[in-house]
Structure formats: C-alpha cells, structure tokens
Amino acid sequence: MKLKLFKSDGTETGEYAVENFPSLENGKGSDALRQVILAVRANQRQGNASTKLRSEVSGSGKKIFRQKGLGVGRAGDKRAPQRRGGGIVFGPRPRSYSQKLNKKVRRLAFQRALIDQADAENLLVIEDFDLNEPKTKQLDGILNKIVPESSKLLLVSDSHKENINLAGRNLPYATLSSAPDLGPLDLVQAGKIIFSIKGIEVLLEKLGNL
C-alpha cells in the first residue's frame, strides 16, 4: 500500500510504501465493524436509569377507603402502580450495557476500518509531528498545507510530543491520538487521518498482536 508522504513542515515529498498493510476480500469484516461500533457505544452507557417499584415509593400502605359500600372500585394503598405517584411496573432499573468482543472480531473490524479509509484515500503519512514551540497557529498552517479546508482530522503518532499536544488542543477540527490507544470507531469517525511514520508502524504491529 502506497500513501502520500509529507515532510514535518507540510510539503509533499512523494509516496510512502506501507509494508504488511492488511488486505481483505470485498465486504469481509463489515459486519464485525458494525458489531464493534455498537459494542463501543453500548459500553459508554452509564446504565443508571432507575424507577421505583411499588415497595420503594414513600407513603402509607393503608387502604384508601373501605372495601364495600361506596359504589366505587375496590382500591388498596396509594402506592399501587395504576395511581398517580405510585410505583412503576417494568420500568428501567440500573444495569450494565457492556458487551464482550472476541480478539478476532476486534482485529477484523480494525482491518476493515483501516482498509475502507485507505480505499477512500483518507490516509496520509507525515515524517513526524514536530514543532519548535507550542504554537497552535504553526500547527494549523502545517495541517492546512496537507489537507486544505480540513475537517475531522485525526493525527496519529506512537506518542505525541509535548509541543504538539499543547498546540493541537485548541484546534476544533483536529484530534490527537496515540497508535496504541486507537480504536476502529476513531478511524470511522475521522474525515482524514494523518499518521507519523512511527505511528503507522506501531499500529500495524498492534494489529498483528491483537
């Protein structure tokens, strides 16, 4: 796989040949990618929605009125679920929404996401993310050289330097990530992905060890 290569200052220098880039048959892994995305979003849910059962609602358990003689329906206490302010039947209770995924499914989903972005020509490579000083304007100028009118940029390295972290935190269109922490959902949500050479090497090594 050959990807466009840029210098640290944003000028294009040619192509970078990525060895051991994953390959899949057409369509293979799409279901795994969908499953992983659903699982990641499910795992982010707090699961703390809660309603009170009849036994948990505050109030007296005394019968509202006598059983017979009033010409109305027979009633128990005011905490009954059919009454306003009473308990809730089959309402939400605190629970875990977490889903377990096998390593092979996660690897397949990661490969599918990476291949889809490569096919869409959304993967780029920079020699290294490097700044002399932590200036947002300087990093913004470099990124605009690489991807003019960029939106939803993902910058991936093995580990970002302090100047890059400080300069990139004020860019609303760019997200910084390290290759070991990258997930399939991060790849799918990005418009363009810029890897450092070390970053893409670490990512491919991670794919082999998943």
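The values are calculated or read from the model by the stated rules, or taken from the named source; none is laboratory data. Please read these numbers as outputs of a predicted model, since none were measured by experiment. When we count neighbours, we look across all protein chains shown, and the Cβ atoms used for this are built from the backbone with ideal geometry, even at glycine.
Could you look through segment 1-55, keep only residues that are of a type in the set (Gly, Ala, Ser) and at positive phi, and pick out the one that is modelled with the lowest pLDDT? Taking the candidates together, the pick is GLY27.
Go over the candidates ALA113, ALA118 one by one and state the one that is closer than 30 Å to LEU24 by Cβ, small (Gly, Ala, Ser), touching a helix residue (DSSP H, G or I) at 6+ places or on another chain (Cβ under 7 Å) and in contact (Cβ under 8 Å) with a residue 60 or more places away in the chain. Sole residue among the options that is closer than 30 Å to LEU24 by Cβ, small (Gly, Ala, Ser), touching a helix residue (DSSP H, G or I) at 6+ places or on another chain (Cβ under 7 Å) and in contact (Cβ under 8 Å) with a residue 60 or more places away in the chain: ALA113. Tallying residues that are in a strand (DSSP E or B) and in contact with a Lys or Arg (Cβ under 8 Å, 6 or more places away or on another chain) within segment 187-210 yields 1. Over 24 Å from LEU108 (Cα atoms) and in a loop (DSSP other than H, G, I, E, B) - does that describe any residue in segment 11-19? Checking segment 11-19: at least one residue is over 24 Å from LEU108 (Cα atoms) and in a loop (DSSP other than H, G, I, E, B). Report whether or not ALA190 is out of contact with any Cys (no Cβ under 7 Å at 6 or more places or on another chain), within 28 Å of LEU38 (Cβ to Cβ) and touching a residue at least 24 places away in the same chain (Cβ under 8 Å). Considered against the rule, which asks whether it is out of contact with any Cys (no Cβ under 7 Å at 6 or more places or on another chain), within 28 Å of LEU38 (Cβ to Cβ) and touching a residue at least 24 places away in the same chain (Cβ under 8 Å), ALA190 comes out as yes. Yes or no: segment 163-186 includes at least one residue that is farther than 24 Å from GLN44 by Cβ, without any contact (Cβ under 8 Å) to a residue 60 or more places away in the chain, assigned to a strand (DSSP E or B) and of a type in the set (Gly, Ala, Ser). No, segment 163-186 contains no residue that is farther than 24 Å from GLN44 by Cβ, without any contact (Cβ under 8 Å) to a residue 60 or more places away in the chain, assigned to a strand (DSSP E or B) and of a type in the set (Gly, Ala, Ser). Residues that are of a type in the set (Val, Ile, Thr) and not assigned by TED's automatic domain parsing to the domain that holds ILE197 occur at least once in segment 71-82. Any residue at all in segment 84-98 that is surrounded by 14 or more Cβ atoms within 10 Å (Cβ to Cβ) and aromatic (Phe, Trp, Tyr)? Scanning segment 84-98, I find no residue that is surrounded by 14 or more Cβ atoms within 10 Å (Cβ to Cβ) and aromatic (Phe, Trp, Tyr), so the answer is no. Taking the criterion of being under 14 Å from GLY183 (Cβ atoms) and either in contact with a strand residue (DSSP E or B) (Cβ under 7 Å, 6 or more places away or on another chain) or assigned to a loop (DSSP other than H, G, I, E, B) (or both), the only residue of segment 100-110 that qualifies is LEU101. Note on segment 147-169: among residues that are hydrophobic (A, V, I, L, M, F, W, C) and over 12 Å from ILE194 (Cα atoms), the one that is surrounded by the fewest Cβ atoms within 10 Å (Cβ to Cβ) is LEU166.
Scanning for something in a strand (DSSP E or B) and surrounded by 15 or more Cβ atoms within 10 Å (Cβ to Cβ), does segment 125-146 turn up at least one residue? So far as segment 125-146 goes, yes, one or more of its residues are in a strand (DSSP E or B) and surrounded by 15 or more Cβ atoms within 10 Å (Cβ to Cβ).
Of all residues in segment 176-188, those being surrounded by fewer than 16 Cβ atoms within 10 Å (Cβ to Cβ) and under 25 Å from GLN138 (Cα atoms) number 1. The set of residues from segment 1-33 being within 21 Å of LEU207 (Cα to Cα) and either surrounded by 14 or more Cβ atoms within 10 Å (Cβ to Cβ) or of a type in the set (Phe, Trp, Tyr) (or both) comprises MET1, LEU3, TYR16, VAL18, PHE21, PRO22, LEU24, GLY29, SER30, ALA32, LEU33.
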